Each structure stands twice: as C-alpha cells, then as structure tokens.
Amino acid sequence: MKKNVRKAIIAGNWKMNKTRPEAKALLEELKPLVADVKGVEIVACVPFTNLETALAATEGTNIKIGAENCHFEKSGAFTGEISADMLAEMGVEYVVLGHSERRQYFNETDETVNKRTKAALAAGLKPIVCVGELLWERECNITEEVIARQIKLDFFAISAEDVKKCVIAYEPVWAIGTGKTATAEQAEEVCAFIRAQLAKLYSEDVAEAVTIQYGGSMNAGNAEELVSKTNVDGGLIGGASLKAPDFTTIIKAAENG
Ligand code: PEP
C-alpha cells in the first residue's frame, strides 16, 4: 500500500482555547471553506466544554470532532477526569493521547498513554497517539531510540487490528508552539522510522495502513512541503487550526499532497 491510498488526516488541536460561542463561530467559518474537500479527513479536537457545541455545529458535514484526552478507567472516583465511554456516547470520533503538553505538565507517561489508548479503542474511539523527542534528545542523537521506545510502550499489547485504527502523530517537542518546524526531510525521516518500527512490531501491511501525521508549527506556509513527503499522512495542527483560512490552506495542501 502506498501513500496515495492512505487517507490524509488533518486534525486541529485547539488546546485550551475558545469559549462555546467562539468555538461555534470558528466552525461556522470553517464549514463552507472545506465543504468541497474529499480526499482528506478533517478533524477538530476541542476542549471538553466545546464538544457538544462542536458536534452540533458540524453535524452532517465533513468535519469530525475529537477530544484532547481521556482517562483510562471506565468510571469511578477520578475527580475532574472524562472517560472514553463518555466521549463515545456523545458521538466524538477521535481523541488526542500522549500530547507532549500532557506528558510535560501533567506527568503522563508511556504507561498511562498505553492504558488510555486501550481504553479509547475499547470505547470505539480513534486515538491520535503523539510521540516525539525533546530538543536535548535530538542533540544527543538519540531521536530514533526515543521514538522506538515510545512506539513500543504506547502500543504495548495492542493488537494489529487495533493499531490500524490508531493515528500516530510525530511531534518533535522542540517544534510545538515554538514556530520552529522540523524540515520536511526531518519529518519524513522520523515518520518513515515510525513506519519501520510498526513493520517490526506488527507487519508490513500494518505499517503501510497506519496514518502517521507530522505536528509542530505546521502552518499555511510550510504545510505543502511537509505533507508532500511519502510517509507524512497529514498533520496535527495547534496554533494554525484556530484560524479558519490558515487551517483550510493546510487541509487543501494535504488534498493535493
Ligand atoms: C500541537 O498542539 O499538537 C501542535 C503541533 O501545536 P503547534 O502547531 O502550535 O506547534
């Protein structure tokens, strides 16, 4: 299977932005801009408080809605947390897991990312699992070791059938929210490495089927080159997903990529 048969996914990660009226306004602006897009899966991953608004605003459109995290237990005494079942029941399709901001500020580990991924899959959600190296790790030339470890641990004991339902976002931590984008060659190199790891852990077929995105300061100006790469199947977009025209440009770049 080649890139041209893996559907690109462009997902916005809104992070902790937008009140409900602002969320509705952004999606209303986006809808007509992307209404004719066919070859790209468009996803908006929004704060929990915006999920209902976002689902209503995008009903019957080609925009899918995702959450930005979920807990790994089904229910119980976990004050402040949201379960995968709660998201699935609402009609949410995707969930971002293991984002570097969760790992950095909320002590998430590969072990909890693995548990969350299993919980999301069990609830029928499509996990977008984020991996990526710190600047220090790249400088020490251990990017591949870091990524191989994350892939092995984050997908531990997840079946081949289930891993095919996952999206992997390669997000070098040094490129997130910094304006420093990985070059298209760096993005391609690591996305290809992730695919090779999947082939080793599962099979060539699984490796070729999984969507691998790049994320990290992707914007309207650099998206085209990034998504043109063979192993880059779209992007996870933070800042630029908050502006409908910029997000649209990225989506259209992936349609042509
Ligand atoms: C992200 O939040 O996943 C991200 C890639 O952010 P930004 O595009 O702002 O770097």
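Pairing residues of the stretch 75-94 that are modelled with pLDDT of 95 or more with residues that are assigned to a helix (DSSP H, G or I) and open to solvent by 80 Å² or more (accessible area, probe 1.4 Å), at Cβ distances under 8 Å and at least 6 apart in sequence or on separate chains, gives Ile82/Phe48; Ala84/Ala122; Met90/Glu52.
For every residue, the table says whether it meets (1) away from the ligand (no atom under 16 Å from the Cβ); (2) open to solvent by 10 Å² or more (accessible area, probe 1.4 Å); (3) in a loop (DSSP other than H, G, I, E, B).
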{"site": "Gly60", "(1), (2), (3)": "yes, yes, yes"}
{"site": "Ala77", "(1), (2), (3)": "yes, yes, yes"}
{"site": "Glu89", "(1), (2), (3)": "yes, yes, no"}
{"site": "Asn107", "(1), (2), (3)": "yes, yes, yes"}
{"site": "Val113", "(1), (2), (3)": "no, no, no"}
{"site": "Thr117", "(1), (2), (3)": "yes, no, no"}
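The sole residue among Gly235, Gly239, Gly257 that is closer than 21 Å to Pro172 by Cβ, away from the ligand (no atom under 15 Å from the Cβ), buried (at least 17 other Cβ atoms within 10 Å of the Cβ) and of a type outside the set (Val, Ile, Thr) is Gly257.
In the stretch 212-232, the qualifying residues are those that are β-branched (Val, Ile, Thr) and within 15 Å of the ligand (Cβ to nearest atom), and the one that is farthest from Lys164 (Cα to Cα) is Val227.
Taking the stretch 72-101 as the region of interest, how many residues are touching a Gly at 6+ places or on another chain (Cβ under 7 Å) and not small (Gly, Ala, Ser)?
The number of residues fulfilling the criteria is 5.
So, in the stretch 119-140, of the ones that are free of Cβ contacts under 8 Å to residues at least 12 places away in the same chain and open to solvent by 50 Å² or more (accessible area, probe 1.4 Å), which residue ends up farthest from Ala54 (Cα to Cα)?
First pass over the stretch 119-140, keeping only residues free of Cβ contacts under 8 Å to residues at least 12 places away in the same chain: 136-137, 139-140.
Imposing the further condition that a residue be open to solvent by 50 Å² or more (accessible area, probe 1.4 Å) reduces the set to 136, 139-140.
Values: Trp136: 38, Glu139: 40, Cys140: 42 Å.
Taking the candidates together, the pick is Cys140.
Condition test on Thr248, is it more than 24 Å from Lys64 (Cα to Cα), β-branched (Val, Ile, Thr) and either surrounded by 20 or more Cβ atoms within 10 Å (Cβ to Cβ) or more than 14 Å from the ligand (Cβ to nearest atom) (or both)? Before you say what the answer is, go through the steps one by one.
Details: more than 24 Å from Lys64 (Cα to Cα): no; β-branched (Val, Ile, Thr): yes; either surrounded by 20 or more Cβ atoms within 10 Å (Cβ to Cβ) or more than 14 Å from the ligand (Cβ to nearest atom) (or both): yes.
In short, no.
The values are calculated or read from the model by the stated rules, or taken from the named source; none is laboratory data. Quick caveat, the model's predicted, so the values are computed rather than measured. Note that we place each Cβ from the backbone using ideal geometry, even for glycine, and neighbour counts take in every protein chain shown. Side chains are part of the model used for accessible areas, which takes the heavy atoms of the whole protein and leaves out ligands, DNA and RNA. Shrake-Rupley method; radii C 1.70, N 1.55, O 1.52, S 1.80 Å.
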